[in-house]
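The structure appears right after this line, and notes come after that.
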Amino acid sequence: MRKYRSNASSIVRFEYGVELAAGLSSFPEMASAAADIQTVNEALAVQHDKRRALQVPVIRTRAALRFGEYSVERVIRLALRAAEMEDGGRRGRICASVFPKGSRPILAPVGKRQVKPLRELVERLANSKVVGIDAYRAAWLPKLQAALASFEAAVAAHLSALTAHDEAFKLEVALREAHHDTVDRIMGQVRATFPRDRVTQDVIFPAVEEASIVTTTSEDDGAQDPLPSQPLPPADA
């Protein structure tokens, strides 16, 4: 009797389950086992489709975040250039107050990590008491606030899409395990129903690709598909 490895994908398990159900249905005494594998097989297929559908928002919000980061960095660079011009073509009092370490600490972080330094930039500009900053503040504070709000929204949308996808994948993994356990249980039922009849035992269980085969005399490696890694690094923003 053959089964897939314990780290097989949902598609491998589903296709195996379809064929196994057909094999079991060929023997009236295995009707209950056929119903069992069909039930878990259909549940796995439904959850796999749900999780796959949730990948689309992840990709779309990832693209939106990439362009959001591009846009916000342009505003930051322009704001620094304008501060230099306000200081008389060099980095003077306004730059020292609003960009004390230049733009690099704000531009270097990636994804969610960029929210915090951007928020601090907006706060510095809003609270600065440097003489002569009022005109610069009136021109650039609204632009930087709008950039911050837009970028925060893009980050939140992407993190929300990632969370929904990851939660769906966790449930899919649980159904993969249930599928694997069901196949193991059915193997025991087939042995009990057709004792010492290796030909009948083997014909019920479908062939799988050589790299994915585990026979009943070998041990599964127990590997598990990892959850998708998140493009955005965790941060305390």
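Here are the numbers for this structure:
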| item | result |
| --- | --- |
| First in region 118-131 and farther than 21 Å from S71 by Cα, second anywhere and aliphatic (A, V, I, L, M) and crowded, with 19+ Cβ neighbours inside 10 Å, Cβ under 6 Å, 6 or more apart | V130/I94 |
| Scope region 1-27; condition within 17 Å of D49 (Cβ to Cβ), open to solvent by 20 Å² or more (accessible area, probe 1.4 Å) and of a type outside the set (A, V, I, L, M); matching residues | S9, F14, E15 |
| Residue selected from region 105-125 under the condition surrounded by 12 or more Cβ atoms within 10 Å (Cβ to Cβ) and of a type in the set (A, V, I, L, M), by the criterion modelled with the lowest pLDDT | V110 |
| Matching entry among A161, A174 (being among the aliphatic types (A, V, I, L, M), surrounded by fewer than 19 Cβ atoms within 10 Å (Cβ to Cβ), within 39 Å of the chain's Cα centre (by Cα) and not in a loop (DSSP other than H, G, I, E, B)) | A174 |
| Among residues of region 60-104, those that are over 16 Å from A138 (Cα atoms), open to solvent by 70 Å² or more (accessible area, probe 1.4 Å) and not in a strand (DSSP E or B), counted | 12 |
| Qualifying positions in region 28-59 - open to solvent by 50 Å² or more (accessible area, probe 1.4 Å) and farther than 20 Å from K170 by Cα | P28, E29, A31, S32, D36, Q38 |
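The values are calculated or read from the model by the stated rules, or taken from the named source; none is laboratory data. Keep in mind the model is a prediction, meaning the values are calculated, not measured. Because the Cβ atoms are built from the backbone with ideal geometry, glycine has one as well, and the counts that use them run over all protein chains shown. Note: accessible area is taken over every heavy atom of the protein model, side chains too, but ligands, DNA and RNA are not part of it. Shrake-Rupley method; radii C 1.70, N 1.55, O 1.52, S 1.80 Å.
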